[in-house]
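Quick note: the coordinates plus some simple rules give every number you see, no bench work behind them. All values derive from a computational prediction rather than experimental measurement. Backbone-built Cβ (ideal geometry, glycine too); neighbour counts: all protein chains shown.
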Amino acid sequence: MSQLPRLHVLVGFLLLFPLGACGVNNIPTYDEGTKAAWAQVENQYQRRADLIPNLVEVVKGYAAQERETLTAVVEARSKISQMTLPKDLLENPEAFKQFEANQGALSQALSRLLVVVERYPDLKSNQNFLALQSQLEGTENRIAVARRDYIEAVRKYNTELRTIPGRWWAALLYSDMKPKETFSAPESVAEVPKVQFNQ
């Protein structure tokens, strides 16, 4: 009789070991991966937002008449800093799209600002401006990398939720885990630019 409990433990172990090896922990692992990747996206967006006040001040000193462009940048940054992000941002399509739209508006305002700067040679040669512009360009590159990494983490996570055996594990153990939202390409990307060479 004493052999029977040992046999149960052995059989239980032999049944549970393959279950652990077949992906039962993938969903929480991938979920943590998406959270870590999202933290990097937020970190880079915050870095960009922190550069803007200094950039605006330098430009303002040289191009005060460009008030409309400067105001657009300041307002876009203000809108982002005032936005309260819900805890379920990554699972909430509306909130995620609003966040993405606000970040896109800031990117567009910054692009317009850098175009305006081209009209001011003295500003383009200002060391403070050059340093800030370089930092901003580096930050934009880091944002692109962080977004790419986040998109990949979400792809893995969402795929795990939709395929077997992850789908089974989600139904049995992780019913609170929902698919995550990811970035979408702006509508302007779908428009093919028309190139015309006038002679």
Helical contribution to [θ] at 222 nm, DSSP H n ≥ 4, -39,500 (n - 2.57), averaged over the chain, rounded to 500: -25500 deg cm²/dmol
Where labels lie 7 Å past Cα in the beta-carbon direction, separation of Lys178 and Lys79 in nm: 2.5 nm
Helix 3-21 axis, angle to the chain major axis (alpha carbon atoms, nearest 10°): 20 degrees
Between 0 and 90°, nearest 10: helix 93-117 axis offset from the chain longest Cα axis: 30 degrees
Cβ crowding within 10 Å averaged over residues, with 133-145, 149-161, 50-62 ranked highest first: 149-161, 50-62, 133-145
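Please find the FRET efficiency linking Tyr120 to Asp50, where r is the Cβ-Cβ separation and R0 is fixed at 22 Å, and quote it to the nearest 0.05.
Computed FRET efficiency for Tyr120 and Asp50: 0.40.
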Test item: Cα-centred dipole of the chain, Lys/Arg +1 and Asp/Glu -1 on Cβ, debye: 340 debye
Label-to-label distance, nm, for residues given as Asp88 and Lys35 (7 Å Cα→Cβ offset): 1.7 nm
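How much net charge surrounds Phe96 when only other residues with a Cβ under 15 Å from its Cβ are counted (Lys, Arg +1; Asp, Glu -1)?
0
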Relative contact order computed over the chain (Cα-Cα under 8 Å; 6+ residues apart), in percent: 34 percent
Three-way shape label, region 24-111, alpha-carbon gyration tensor, a/c 1.5: prolate
Positive dipole terminus of the chain, leading residue within Leu132, Ala144, Ser107 (C-beta point charges): Ala144
